[in-house]
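Inspection log for the structure reproduced underneath, given as structure tokens.
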Amino acid sequence: MKPVWVFAIIVVMGLFGIYLGAAMNLEGYLGNVFAIGAVGACIVHEMEKKK
């Protein structure tokens, strides 16, 4: 994936997680979890693509 798309995915997932976490009274910590999960998914996708 291109770095711009990866960055956009991370930002969108982070914002989504912040809003969802705020709705669940988690003080936005869910945004960090979603952003880290998106980074992990992008890394795994690239590793699988190279095989």
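Read-outs throughout are calculated quantities, based only on the coordinates presented, and are distinct from any laboratory measurement. Computed from a predicted structure; not experimentally measured. Heads up, the Cβs are rebuilt from the backbone with ideal geometry, glycines too, and the neighbour counts pull from every protein chain shown.
Treating the angle as unsigned and between 0 and 90°, give the value, to the nearest 10°, between the Cα long axis of helix 29-50 and the longest Cα principal axis of the chain.
10
Just need the relative contact order of the chain here, percent rounded to a whole number, with Cα pairs under 8 Å and 6+ apart.
Values: 48 pairs, mean separation 17.7, N = 51.
This gives 35 percent for the chain.
With a Cα-only, solvent-free Debye model of the chain, what are the log10 I(q)/I(0) values at q = 0.12 Å⁻¹?
-0.29
What angle, in degrees between 0 and 90 and rounded to the nearest 10, separates the Cα long axis of helix 3-23 from the longest principal axis of the Cα atoms of the chain?
Taking the Cα atoms of the chain, the angle to 3-23 is about 20 degrees.
Which loop GluC sites (Glu not before Pro) in region 16-51, with loop taken from DSSP, have no more than 15 other Cβ atoms within 10 angstrom of their Cβ?
Working: sites: 27, 46, 48; in loops: 27.
Here the sparse-neighbourhood loop sites are 27.
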